[in-house]
Amino acid sequence: MLRIGMLTSGGDCQALNAAMRGVVKGVCSKRDDVEIYGFQDGYKGLIYGNFEMLSSKEFSGILTRGGTILGTSRQPFKLMRVPDENGLDKVEAMKHTYHKLCLDCIVILGGNGTHKTANLLREEGLNVITLPKTIDNDLWGTDMTFGFQSAVDIATDTIDRIHTTATSHSRVFIVEVMGHKVGHVTLHAGIAGGADVILLPEIPYDIEVIVEVIQKRSEAGKAFTIIAVAEGAISKEDAKLKKKEYKEKLVNRTYPSIAYELAEQIRERTDKEVRITVPGHTQRGGSPCPYDRVFATRMGAAASQLILKKEYGYMLGDKNGNTIKMPLQDVAGKLKYVDPDCGLIKEAKMIGISFGC
């Protein structure tokens, strides 16, 4: 009997179901003696033994379904070694659940924080395989993560729709895109949507440069400006602050988010009306785009191969269009940032997109 545990952790995104479907279909195509244990709400299910035995039929028809049939939750890695309110040792509890069910391995779908805990479980002796899930595309060791392209499509569609109202009213529109620490989604959606200014966490911006772009566009007869800003974008002044000082500033910030702060600064310096659009969690929602369906299925199928070969301790990923496996210890705790000197940034600048610097 082959017993496989499975959980989805962290923020939800498109194609989680597609990836799990790929794992189950891949394994069940080769073996009939398979038991699937789906843990509810991420690591919380593994900690407290909340699971459901699932048949292969329950993974049929979910290729196009958004979200996750298992549910998910955020369990911060820094608190994994901290007992819960009842004094429960979370790591020992997860190991106990794993061994109690006599699992051969556990498949974990998640992003950066999820991979830290997955690697911790590997270090504790559990057989773990992970799949690269995050709309941010910030996992080290893989060119792509599932959820990213779907989020880019939604953010791009938002910018596309803003174009018509921005031109009709000659306004400055700020579209705030998800991305606290990295700006991959904002970069791709900004270019695809024809944004005039793109602001990323990796490239501190100068408000005066942004104002200059707006004014030059007005002088050239272009009465509107569209700014795509990552929610984690940071000014040059704030980038000089120590990490603790910046965190304190964010806590005490009177604006709901960076978009509102930018809007106020632009209003003070120009005669333009400024409007803000925040697509928010719509970027995580809905059906996965065709690219993500294919990519997630590939990753799931590759995971099934590792399970059948009893090769554990890896994250599946993509390099130059080819499926690869990366040792978990080489992935956990590392982020893939946007390189300010990458070709995509340089090419965007060549066509006149400003990055506020």
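Quick one: how many residues across the stretch 1-58 are surrounded by 20 or more Cβ atoms within 10 Å (Cβ to Cβ) and polar (S, T, N, Q)?
So the count comes out to 4.
When the stretch 193-219 is examined, which residues are found to be closer than 20 Å to LEU344 by Cα and without any contact (Cβ under 8 Å) to a residue 12 or more places away in the chain?
Correct list: empty.
Look through the stretch 251-270, keep the residues that are touching a strand residue (DSSP E or B) at 6+ places or on another chain (Cβ under 8 Å) and in contact (Cβ under 8 Å) with a residue 40 or more places away in the chain, and return whichever of them is farthest from PRO201 (Cα to Cα).
So the residue we want is THR270.
Out of everything in the stretch 87-122 that is in contact (Cβ under 8 Å) with a residue 12 or more places away in the chain, among the small types (Gly, Ala, Ser) and out of contact with any Asp or Glu (no Cβ under 9 Å at 6 or more places or on another chain), what residue ends up being surrounded by the fewest Cβ atoms within 10 Å (Cβ to Cβ)?
Out of the qualifying residues, it is GLY113.
Among the numbered conditions (1) without any contact (Cβ under 8 Å) to a residue 40 or more places away in the chain; (2) closer than 28 Å to LEU200 by Cβ; (3) open to solvent by 50 Å² or more (accessible area, probe 1.4 Å); (4) out of contact with any strand residue (DSSP E or B) (no Cβ under 9 Å at 6 or more places or on another chain), tell me where GLY125 comes up short.
(2)
Only one residue in GLU347, GLU273, GLU311 is of a type in the set (Asp, Glu) and at pLDDT below 95. Which one?
On the way: GLU347 fails: at pLDDT below 95; GLU311 fails: at pLDDT below 95.
Going through GLU347, GLU273, GLU311 in turn, the sole match is GLU273.
Being touching a helix residue (DSSP H, G or I) at 6+ places or on another chain (Cβ under 9 Å) and not in a strand (DSSP E or B) is the filter; apply it to the stretch 164-182 and report the residue that is surrounded by the most Cβ atoms within 10 Å (Cβ to Cβ). Spell out the reasoning first.
Initial filter on the stretch 164-182 (touching a helix residue (DSSP H, G or I) at 6+ places or on another chain (Cβ under 9 Å)): 170-179, 181.
Still in the list and also not in a strand (DSSP E or B): 170-171, 178-179, 181.
Working: SER170: 13, ARG171: 18, MET178: 24, GLY179: 28, LYS181: 14.
Per the criteria, the residue is GLY179.
Given ALA151, ALA189, which one is open to solvent by less than 10 Å² (accessible area, probe 1.4 Å), in contact (Cβ under 8 Å) with a residue 60 or more places away in the chain, part of a helix (DSSP H, G or I) and within 26 Å of CYS13 (Cα to Cα)? It would help to see each step written out before you state the result.
Working: ALA189 fails: in contact (Cβ under 8 Å) with a residue 60 or more places away in the chain.
ALA151 is the lone residue from the list that is open to solvent by less than 10 Å² (accessible area, probe 1.4 Å), in contact (Cβ under 8 Å) with a residue 60 or more places away in the chain, part of a helix (DSSP H, G or I) and within 26 Å of CYS13 (Cα to Cα).
Yes or no, residue by residue, for (1) out of contact with any Ser or Thr (no Cβ under 9 Å at 6 or more places or on another chain); (2) without any contact (Cβ under 8 Å) to a residue 40 or more places away in the chain; (3) open to solvent by 50 Å² or more (accessible area, probe 1.4 Å):
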{"site": "ARG298", "(1), (2), (3)": "no, no, yes"}
{"site": "ALA301", "(1), (2), (3)": "no, no, no"}
{"site": "LYS309", "(1), (2), (3)": "yes, yes, yes"}
{"site": "THR323", "(1), (2), (3)": "yes, yes, yes"}
{"site": "ASP330", "(1), (2), (3)": "yes, no, yes"}
{"site": "TYR337", "(1), (2), (3)": "yes, no, yes"}
{"site": "LYS346", "(1), (2), (3)": "yes, yes, yes"}
{"site": "ILE351", "(1), (2), (3)": "yes, yes, yes"}
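Which residues, taken from the stretch 283-294, are over 16 Å from the mean Cα position of the chain (by Cα) and either open to solvent by less than 20 Å² (accessible area, probe 1.4 Å) or aliphatic (A, V, I, L, M) (or both)?
VAL294
Give the residue that is farthest from ILE210 (Cα to Cα), with candidates limited to residues of the stretch 236-282 that are over 26 Å from the mean Cα position of the chain (by Cα), buried (at least 17 other Cβ atoms within 10 Å of the Cβ) and among the β-branched types (Val, Ile, Thr).
Among those residues, the one meeting the criterion is VAL274.
The values are calculated or read from the model by the stated rules, or taken from the named source; none is laboratory data. Worth saying up front: this structure is predicted, and the values here are computed from it rather than measured. Glycine also receives a Cβ, built like all others from the backbone with ideal geometry; neighbour counts cover every protein chain displayed. The protein model used for the area step is the full one, side chains on, heavy atoms only, and it has no ligands, DNA or RNA in it. Shrake-Rupley method; radii C 1.70, N 1.55, O 1.52, S 1.80 Å.
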